[in-house]
1. What pairs come up if the first residue lies in the range 108-120 and is free of Cβ contacts under 8 Å to residues at least 60 places away in the same chain, the second is of a type in the set (S, T, N, Q) and in a loop (DSSP other than H, G, I, E, B), and their beta carbons are under 6 Å apart, counting only those six or more places apart or on different chains?
2. Could you tell me which residue of the range 84-119 is nearest to His22 (Cα to Cα), considering only residues that are aliphatic (A, V, I, L, M) and assigned to a loop (DSSP other than H, G, I, E, B)?
3. Consider Val104 carefully, then state whether it is touching a helix residue (DSSP H, G or I) at 6+ places or on another chain (Cβ under 7 Å) and outside the structural domain of Glu160 (by TED's automatic domain parsing).
4. Which condition does Glu74 not pass, out of (1) buried (at least 16 other Cβ atoms within 10 Å of the Cβ); (2) touching a His at 6+ places or on another chain (Cβ under 7 Å), if it passes all the others?
5. Confirm whether Gly29 is over 13 Å from Ile19 (Cβ atoms), out of contact with any Leu (no Cβ under 7 Å at 6 or more places or on another chain) and either free of Cβ contacts under 8 Å to residues at least 60 places away in the same chain or hydrophobic (A, V, I, L, M, F, W, C) (or both).
6. Across the range 18-37, what is the number of residues that are part of a strand (DSSP E or B), over 16 Å from Leu68 (Cβ atoms) and under 19 Å from the mean Cα position of the chain (by Cα)?
7. Does Val63 qualify as being farther than 22 Å from Arg147 by Cβ and touching a helix residue (DSSP H, G or I) at 6+ places or on another chain (Cβ under 7 Å)?
8. Would you tally the residues in the range 35-59 being closer than 12 Å to Ile19 by Cα, buried (at least 18 other Cβ atoms within 10 Å of the Cβ) and among the aliphatic types (A, V, I, L, M)?
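The values are calculated or read from the model by the stated rules, or taken from the named source; none is laboratory data. Worth saying up front: this structure is predicted, and the values here are computed from it rather than measured. Every residue, glycine as well, gets a Cβ built from its backbone with ideal geometry; the counts of neighbours run over all protein chains shown.
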Amino acid sequence: MHDAGDGRPGEQRREGELISAHGIMLSRGGRTLLQDVDIDVAPGEIVTLIGPNGAGKTTLVRVLLGILLPNRGEVKRKAGLGVGYVPQRLEVDRSIPLTVARFVALGRRASAAELERVLAEVGAQALLERQLTELSGGELQRVVLARALVRSPELLVLDEPVRGVDYAGKPNFTR
């Protein structure tokens with residue numbers, strides 16, 4: 001997997017990038033998952049990773065975010081980079097009672113107005129007081145997206161963000 005953009009070998013890096021990765025190689029269990037990946041993500045850019053299942057898209061995202069460490073190569077992130085991350089899937093522990101409002105605000109103080117605004121932005125305003133365990137797959141995906149957005153991140157990473165979201169329920173982004 002290679003970046004189709006400005007990350008060609010020998011090319012000068014741009015200043016002010018949010019994330020820059022060069023020469024990334026990752027293997028697990030004797031299998032190479034990523035090899036010679038170069039990618040730069042600048043503020044305001046929209047980068048889409050496209051490929052078949054098993055191509056390494058999610059693995060690359062996890063390396064870029066520091067969740068996985070590569071065997072070789074370098075990843076640099078802007079100091080203090082605020083990241084909002086929406087994983088492919090989130091498993092909810094059914095034994096933990098947690099409302100949508102509490103989940104979206106976890107780890108950050110958010111006013112009721114902020115919570116309502118961000119939930120409305122993703123089409124989930126009616127879910128504010130519902131339990132996470134009561135949500136459908138599509139509703140949960142919209143709530144996880146709201147949680148990523150409430151922090152007003154510099155970098156928003158969406159790993160299959162509309163997985164499980166029906167066409168009518170897909171959010172209409174205004175950002």
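1. Every condition considered, no pair remains.
2. For the range 84-119, the residue satisfying everything is Leu90.
3. Taking the combined requirement at face value, the residue does not satisfy it.
4. (1)
5. yes
6. Final tally of qualifying residues: 1.
7. So Val63 does not fit the description; no.
8. 2
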